[in-house]
Amino acid sequence: MKFKSLFLIAAFVLLSCGSNKNLNDRAAVVKESSKRVLKNHYKNTFDEATLKAALKVNFKKGNDSKNFSVSLRIQKDETIWMSGAVFGFPVLKALITPNRVSYYIKPLKTYYEGDFTSLQALLGTDLNFSMLQNILVGDAILPLKSKNFVSRIDQQAHLLTLKKENSLAKLFFWIHPLHYKIEKQEIKSLQKKASLSISYKNYNKINNTYFPDQINIRAKDQQNQAHLRVQYKSVSLGKKLSFPYKIPSGYKKIN
């Protein structure tokens, strides 16, 4: 009886370890419905009031390549604030709201105030406030409804694609099978022959929020291709923030 009890305990421990491994091993992922995948994704979307982070940014477009250190602050759904520096010297400051984009460039003594046209031209793709915010925190760039998508396993992730063919665009969303954050998302405009691809490298858990370690953004149209790599060096969530911003006098407005 004693040996039988020990055997049962050992068997229980081994089975328990095996179960825990499967729960944390993405190789064991099984197909789920688009409804279940999206329910879990939106359950784990960014839901902190504020974000403060230090970033290392590399931007490439054509033969032009630039490296920046960027301070980022976000008041969820209201404000995105950025301050960029090169070798410790401030070069750029931006304040973005749902209806307005404003930034100034210190070395050129120029500034911009208007809509998202300038950012769209920079990346070569359509963009608005919620899309930009979602890109920065690892959420789906567009609002997704499960009835419009089918789900299958691809690259050990849940891949969502449109249920019906669309003559305007193709959409692809790879969602992590454990924490259901976005691993990669692609939008291909068939009419404009342009594409936007955003991939995320690693996620860290901060205050019960999964947050990406690195973001790679590639935008391409018939004429240009841009690549933006964003690496998070430090992140703090939920703290009260200020958003100091004032365009210096004497700066020239650009269109």
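Can you find a residue in region 37-58 that is out of contact with any Cys (no Cβ under 9 Å at 6 or more places or on another chain), open to solvent by 30 Å² or more (accessible area, probe 1.4 Å) and at pLDDT below 90? No, every residue in region 37-58 fails to be out of contact with any Cys (no Cβ under 9 Å at 6 or more places or on another chain), open to solvent by 30 Å² or more (accessible area, probe 1.4 Å) and at pLDDT below 90.
Return yes or no: is S195 polar (S, T, N, Q), more than 17 Å from D139 (Cα to Cα), touching a helix residue (DSSP H, G or I) at 6+ places or on another chain (Cβ under 9 Å) and not in a loop (DSSP other than H, G, I, E, B)? No: the conditions fail for S195.
Candidates are the residues of region 91-139 that are small (G, A, S) and either at pLDDT below 85 or in a loop (DSSP other than H, G, I, E, B) (or both); the one that is least open to solvent (accessible area, probe 1.4 Å) is G138.
Within region 143-197, restricting attention to residues that are of a type in the set (S, T, Y) and surrounded by 15 or more Cβ atoms within 10 Å (Cβ to Cβ), the residue that is nearest to R26 (Cα to Cα) is Y180. Here the condition is being in contact with a strand residue (DSSP E or B) (Cβ under 8 Å, 6 or more places away or on another chain), in a strand (DSSP E or B) and open to solvent by 40 Å² or more (accessible area, probe 1.4 Å); of Y210, Y200, it holds for Y210 alone.
The values are calculated or read from the model by the stated rules, or taken from the named source; none is laboratory data. Computed from a predicted structure; not experimentally measured. In this analysis, Cβ positions are derived from the backbone assuming ideal geometry, glycine residues included, and neighbour counts consider all displayed protein chains. With ligands, DNA and RNA removed, areas are computed over all heavy atoms of the protein, side chains included. Shrake-Rupley method; radii C 1.70, N 1.55, O 1.52, S 1.80 Å.
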